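The values are calculated or read from the model by the stated rules, or taken from the named source; none is laboratory data. Keep in mind the model is a prediction, meaning the values are calculated, not measured. For neighbour counting, all protein chains shown are included, and Cβ atoms are generated from backbone atoms with ideal geometry for every residue, glycine included. Each accessible area value is taken on the protein alone, full model and side chains, heavy atoms only, with ligands, DNA and RNA left out. Shrake-Rupley method; radii C 1.70, N 1.55, O 1.52, S 1.80 Å.
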2 protein chains.
Amino acid sequence: MKIAISGKGGVGKTLLASLLANTFAELGYSVIAIDADPDANLAATLGFPDSEKVTPISEMKELIEERTETRPGQAGLYFKINPRVDDIPEKYSLKHNGIRLLVMGAIKKGGAGCYCPENALLAALLAHLLIARDEVVILDMAAGIEHLGRGTAKAVDKLIVVVEPSRASIETAYRIAKLAKDIGLENIAIVGNKVHSQSEREFITSSVTGFEFLGFMSYDQAIVEADLANLPILDASQQIIAEARDIFRALLPSA
Amino acid sequence: MKIAISGKGGVGKTLLASLLANTFAELGYSVIAIDADPDANLAATLGFPDSEKVTPISEMKELIEERTETRPGQAGLYFKINPRVDDIPEKYSLKHNGIRLLVMGAIKKGGAGCYCPENALLAALLAHLLIARDEVVILDMAAGIEHLGRGTAKAVDKLIVVVEPSRASIETAYRIAKLAKDIGLENIAIVGNKVHSQSEREFITSSVTGFEFLGFMSYDQAIVEADLANLPILDASQQIIAEARDIFRALLPSA
């Protein structure tokens with residue numbers, strides 16, 4: 001199963017990605033978690049030791065040069081747009097608690113007129129992970145789907161857009177859904193996070209209509225406190241863990 | 001005065017940008033507010049009518065083609081890298097409550113090896129706004145400073161990095177500060193937002209050392225409720241308005 005997670009900044013994409021990765025891993029699935037949001041720290045949330053020292057693939061200049069045959073930063077030269085990547089997940093990932101982690105780093109936005117060797121390598125790697133691998137892949141993305149192109153989008157089984165009780169996060173959800181549909185990604189589902197009350201739940205369900213709805217995660221002050229005290233976030237709230245299991249069951253009703 | 005605002009997604013960059021723009025405008029300054037974060041809606045927060053209908057400059061294909069002499073999406077062609085932009089603020093901005101607003105739209109990340117006509121126009125426009133204009137300019141950026149290059153960074157009087165009580169937002173603040181210093185932008189200051197308690201204030205002040213500290217904005221449920229009810233956010237909390245005035249005074253002690 002290939003799951004991509006997006007949504008406005010700050011809504012809790014990384015928390016959901018971590019909880020789902022843990023849930024899959026606990027049930028015996030092989031899991032590759034991909035941090036594709038430079039504004040997040042999936043390694044830290046997953047409890048990887050020394051998470052701040054992880055080198056993102058986009059900064060591995062020698063790897064990029066070796067595979068694309070072009071040094072990053074050298075614009076205007078030719079480079080291999082289909083570099084070899086199939087060995088990268090094993091060689092350049094970290095492993096902790098049964099989860100393999102790849103940190104992509106800052107991807108220069110692709111699309112019209114923007115090409116560079118870093119992007120070529122990251123795009124090829126992502127395509128390989130989504131299309132050619134058997135593992136469960138959980139992709140924690142920035143507030144957009146710029147990592148996905150038409151080819152890779154088709155390989156995504158579910159794009160989960162996380163929202164919180166705020167109009168801006170709902171607007172972002174619709175913008176993401178439109179971009180996703182434009183590249184043929186129709187399997188979009190919503191998760192509501194940071195809900196304090198029944199009225200906030202109702203705000204969310206009445207605001208995002210026309211999408212599959214996977215469930216809610218409650219606002220829990222214990223998560224905030226664990227974070228500030230630098231304690232493992234994923235152990236801080238039994239309620240959130242239970243809610244993530246419900247979301248997992250909504251994703252995979254037969255599991 | 002030229003102010004750039006950055007920080008992790010969801011920390012309240014747009015709220016602070018709006019409050020500061022309003023404060024400057026109320027005191028008689030000419031203000032240009034720039035929405036450079038596709039994951040935000042500065043127009044809506046500033047109370048612009050029909051804010052969802054604003055066309056970002058990055059999507060004005062004819063303007064981009066006219067000025068850069070290249071159609072967006074046509075990679076590999078030559079285009080003018082110094083297009084004329086000095087008339088754009090007047091012709092393509094909206095005005096409301098004394099604030100001129102420019103919505104930049106999704107900027108393809110610049111830097112090494114990535115060039116395209118949209119970026120050329122946006123970069124030239126931003127350089128013009130920061131370097132050649134007399135107005136107060138308030139730039140609401142995404143979680144990074146990819147809109148600023150060495151030339152434009154020097155024109156920024158203050159980069160305000162907004163943080164909230166979370167380790168991830170502090171990590172992002174340090175990452176942004178490093179990127180800023182790399183391009184010669186040293187005037188960095190911190191604002192703490194969404195604080196619930198004295199212990200959260202202390203978490204922030206003890207976590208961001210070595211930077212100028214401009215003040216705190218409290219978490220106020222009235223802002224959340226105004227947002228969900230689609231009421232003007234900037235009128236919802238007298239406390240936040242007063243705190244923004246204190247931040248303004250810390251920015252401009254002589255004003």
*asked:* Can you give me the solvent accessible area of residue B:54 with a 1.4 Å probe, rounded to the nearest 10 Å²?
replied: 40 Å²
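With a length cut of 24 Å (Cα positions projected on each helix's long axis) and a Kyte-Doolittle mean of at least 1.0, go through chain B and give me the DSSP H helices that pass. Before the final figure, lay out each step's value.
Working: long enough: none.
Counting only whole DSSP H runs, no helix qualifies.
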*Got a number for carbon plus sulfur as a percent of region B:118-255's accessible area, 1.4 Å probe?*
52 percent
*Gaussian network model of chain B, Cα within-10 Å springs - most flexible of B:203, B:213, B:24*: B:203
*asked:* Could you tell me what a quarter of the Cα convex hull surface of chain A works out to, in nm² with one decimal place?
replied: 13.3 nm²
*Set of lysines near residue B:154 by C-alpha distance (under 24 Å), chain-local residues within fewer than 8 positions excluded*: A:108, B:2, B:8, B:13, B:80, B:108, B:109, B:178, B:181
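Find the Rg to Rh ratio for the protein assembly as shown, where Rh is the Kirkwood radius over alpha-carbon pairs and Rg uses the same atoms.
On the way: Rg = 22.0 Å, Rh = 23.4 Å.
Over the Cα atoms of the protein assembly as shown, Rg/Rh equals 0.94.
For A:246, B:227, A:140, give the ranking by accessible area with the largest first, probe 1.4 Å. Can you show the working numbers first?
Values: A:246 85, B:227 25, A:140 0 Å².
Per-residue accessible area, sorted high to low, gives A:246, B:227, A:140.
Give the average, rounded to an integer, of partner chain Cβ atoms located within 10 angstrom of each Cβ in A:32-38. Intermediate results must be reported in sequence, preceding the final value.
On the way: counts 0, 0, 0, 0, 0, 2, 4.
Average per residue, whole number: 1.
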*Along Cα-to-Cβ, 7 Å out, sits the label point; list in nm, shortest first, how far the one on residue A:50 is from those in the other copies.*
5.8
*asked:* Out of all DSSP beta bridges in chain A, what portion is antiparallel? Express it as a percent rounded to 5.
replied: 10 percent
*Which net charge results for the neighbourhood of residue A:140, defined as the other residues with beta-carbon distances under 11 angstrom from its beta-carbon, given Lys and Arg at +1 and Asp and Glu at -1?*
-2
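Counting DSSP beta bridges with both partners in the protein assembly as shown, what percentage is antiparallel, nearest 5?
Numbers: 7 of 67 bridges.
If I count the DSSP bridges inside the protein assembly as shown, around 10 percent turn out antiparallel.
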*Considering only the label points, 7 Å along Cα→Cβ from Cα, what distances in nm to one decimal separate residue A:26 from the same position in each other copy, shortest first?*
4.9
*Taking chain A as a Gaussian network, Cα atoms linked when under 10 Å apart, which of A:12, A:47, A:210 shows the biggest mean-square fluctuation?*
A:210
*On the full set of protein chains, 1.4 Å probe, figure out the accessible area of residue A:62 and give it in Å² to the nearest 10.*
140 Å²
*asked:* Based on C-alpha coordinates, I'd like the Rg and Dmax of region A:138-179, in Å.
replied: 10.9, 33
*State, to one decimal in nm and shortest first, how far the label point of residue A:205 sits from each corresponding label point in the other identical copies (label point: 7 angstrom along Cα-to-Cβ).*
4.4
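Determine the shape class of region A:115-170: with a ≥ b ≥ c the square roots of the Cα gyration tensor eigenvalues, call it rounded for a/c under 1.5, and otherwise prolate if a/b is greater than b/c, oblate otherwise.
The shape class here is oblate.
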*If ligands, DNA and RNA are left out, what is the accessible area of residue B:29 with a 1.4 Å probe, given in Å² to the nearest 10?*
90 Å²
